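Where a number appears in this text, it was derived from the coordinates with a stated rule and is not lab data. Every value quoted in this text rests on a predicted model; they were computed, and no experiment measured them. With ideal geometry, Cβ positions are generated from the backbone for all residues, glycine too; neighbour counts draw on all protein chains shown.
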Amino acid sequence: MASDRSRGWNLRREVKLECPKCKQTLDVPRDATDPPRTAKVLILCPECVGGDFSEANYFDAQGRQIDLDGKPMKDPANVE
Ligand SMILES: [Zn+2]
């Protein structure tokens, strides 16, 4: 729970990038192309991506996968 409002987390919008392979995480500023309410992006890091195309999966603060409009898609259990 975000109890510390003095940090102004809604002003300093950051998203967490997480590599699904090596679990490396990185906090980055929100990108204009991120869907609204993006809190976390699952994407392969440069070390893991190899030559594969890396598809980004977006998640909101509740851990639900969201589509490009910021709407929840399926249950997290359905995500793979
Ligand atoms: Zn990785």
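In plain terms, the residue of VAL28, VAL15 with the fewest other Cβ atoms within 10 Å comes first and the most crowded comes last, giving VAL28, VAL15.
Extension gain, ALA32-LYS71: 0.36 nm per intervening residue step, less the Cα-Cα distance, totals 12.4 nm.
Using a simple spin-label model with pseudo-atoms 7 Å out from Cα toward Cβ, LYS16 and ALA56 lie 1.8 nm apart.
Write out the trypsin sites (Lys or Arg not before Pro) in region 21-80 meeting two conditions: DSSP loop, and at most 15 other Cβ atoms within 10 Å of their Cβ. Could the numbers behind the result be given before it?
On the way: sites: LYS21, LYS23, ARG30, ARG37, LYS40, ARG64, LYS74; in loops: LYS21, LYS23, ARG30, ARG37, ARG64, LYS74.
Filter output for region 21-80: LYS21, LYS23, ARG30, LYS74.
Modelled spin labels at CYS48 and LYS23, positioned 7 Å past Cα toward Cβ, are 1.0 nm from each other.
What are the lysines whose alpha-carbon lies under 18 Å from the alpha-carbon of LYS21, with same-chain residues fewer than 8 places away excluded? Here the lysines satisfying the reach criterion relative to LYS21 are LYS40.
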